[in-house]
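Have a look at the structure below before the remarks.
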Amino acid sequence: TDCSPAGVQNTVSSVTGAARGYLANHPGADQVLMNARNQPRAEAASNIRGYFTSNPTEYYELRGILAPIGDTQSQCNVSVLPPELASAYSEFMAG
């Protein structure tokens, strides 16, 4: 893992692009995640969990796409996501 600021930014940029591409091809996942932005946290978490429980392949595929964020954060001892996304990311990755 490249822990230089540019390396971290490249990882975030690459993962973000891959996630956007994945969601563009999986409108159900995209919709539930977009809706979550405007919902109370508990409701959003429940809706996201419900969707991905019903669509486990999409969960594992998206989790795999997002994994380099966590790897970079732990290996480089940096936080690359804003606090509101960091908690959502952790919850999603935990299953």
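The values are calculated or read from the model by the stated rules, or taken from the named source; none is laboratory data. As the structure is a prediction and not an experimental result, all values here were calculated from the model. All Cβ positions, glycine included, derive from the backbone under ideal geometry; neighbour counts span all protein chains shown. What goes into the accessible areas is simple: the full protein's heavy atoms, side chains included, and nothing from ligands, DNA or RNA. Shrake-Rupley method; radii C 1.70, N 1.55, O 1.52, S 1.80 Å.
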R49 - accessible surface, heavy atoms, 1.4 Å probe, Å² rounded to 10: 110 Å²
Backbone HN-Hα couplings from phi across the range 4-11 [Karplus 6.51/-1.76/1.60, Hz, Gly and Pro as x]: 5, x, 5, x, 4, 5, 5, 4
Projected label distance in nm at S46 and N25, using a 7 Å step from Cα toward the beta-carbon: 3.3 nm
Quarter of Cα convex hull surface for the range 55-95, i.e. mean projection, nm²: 2.8 nm²
Relative intensity, log₁₀ I(q)/I(0), of the range 25-65 from a Debye sum that treats every alpha carbon as a point, q = 0.23, 0.35 Å⁻¹: -0.73, -1.20
Fraction of accessible area attributable to carbon and sulfur, the chain (%, probe 1.4 Å): 54 percent
Within the chain, helix-based [θ] at 222 nm, where runs of 4 or more DSSP H residues each add -39,500 (n - 2.57), nearest 500: -26500 deg cm²/dmol
Per residue accessible area in Å² of the range 35-95, where ligands, DNA and RNA are left out and the probe is 1.4 Å: 63 Å²
Cα-based Rg and Dmax for the chain, where Dmax is the largest Cα-Cα distance (Å): 13.5, 39
